[in-house]
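Computed from the coordinates by the stated procedures, all read-outs in this text should not be read as laboratory data. These numbers were taken from a predicted model, which means no experiment stands behind them. Positions of Cβ are generated from backbone atoms using ideal geometry, with glycine treated the same way; all protein chains shown enter the neighbour counts.
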Amino acid sequence: MSESWPAFYLDQFKSRKVGLACGLSKARDTNRKLPHLIFSYNCGWLTVNCILERHPMARIVEVLPYDPTWPQIYHGEVVQVASVLGSNLVAPHHIGSTAVPGLAAKPTIDILLVVRDLQILDDANTALAALGYQAMGEHGISGWRYFSKKEGDRHLFHLHTYAEGHADIIRHLNFRDYLIAHPSEVFDYQTLKQSLATQFRDRPAAYTAGKADFIHAVEKRAAAWRAGLDQDIG
C-alpha cells in the first residue's frame, strides 16, 4: 500500500521558531506497526518530543458501471462460505448495489447471511479466515457479525451476518427489491453515488455519509412498498 509522510505537519513544525535546535528523524519502533516521525524541540532547558505516525493513504472510492458478472461472483463465493457454515446457514442473499441490475457500484460484493446461531458462527471464524475473511465482530451493531475480505487495499467481499429474525434482514432485502422494481430510483441513486465518488474520491467516510439521507428515504418507501405487496397477497 502506498504511504505518505504528513508534509503539512512537517512544514508546521519547521515554521516554529521556538527551539535553539531542531531535530527530525525517521524511526521504526518495534512496538509500532507503522514507521513514524519524531520531532524534537530543544530549548536548552526543555526538550519536547512529538511522534507523528506515518499512515497509509486513504482508500479510494471507485464507482464502476454495472458488471453483469457480479451475480456470478456472488454465487461462487457463497458456495465457499456455505461449505464452512454448514447447517448453521439458513439463507444467503446478494445485497447492496452490486445486487441491483444496471446500478453503478463499488466493486465489492455484499453478502447477507442468515444463520441459526451467532455463537456457532463465531466458532467458525478460523475457517472463514482460511477463505480470506477478517472477523470484525458486531462492528457497532448488536446481533450482527461483519466480515471483510480484501486483496491489498481492495475490498472484495463483505459478509453481513444476522441471526434469524433480526429486523435488519428485511430492511436490506426491501431496499434491494424496491430498487430493482423502480428503475427511476436506481438512476437517482446512481447519479448521487457518481457525484459523491467524484467529490470524495479519497474520503470514503464522507462518501458513505453523503448517501445516508437518500438511503434512509428509500428504506421508508421500500418498507411501505413491501407492506402494500404483502397486503395485496394477503
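Please give the residues of region 100-117, grouped as numeric ranges, whose backbone N is less than 16 Å from a label point set 7 Å along the Cα-to-Cβ vector of His75.
Flagged as within label range: 100-101.
Provide the percentage of antiparallel DSSP beta bridges, counting only those with both residues in region 70-202; round to the nearest 5. Numbers along the way, then the final one.
On the way: 17 of 24 bridges.
Roughly 70 percent of the DSSP beta bridges within region 70-202 come out antiparallel.
Could you give the nm distance between label points at Val90 and Asp123, where each point is 7 Å from its Cα heading toward the beta carbon?
The modelled label-to-label distance comes out at 1.9 nm.
Give me the extension gain from Ala130 to Gln194: residue separation times 0.36 nm, minus the current Cα-Cα distance, reported in nm with one decimal. List each step's numbers first, then the result.
Numbers: separation 64, 0.36 × 64 = 23.04 nm, distance 3.45 nm.
My answer for the length gained is 19.6 nm.
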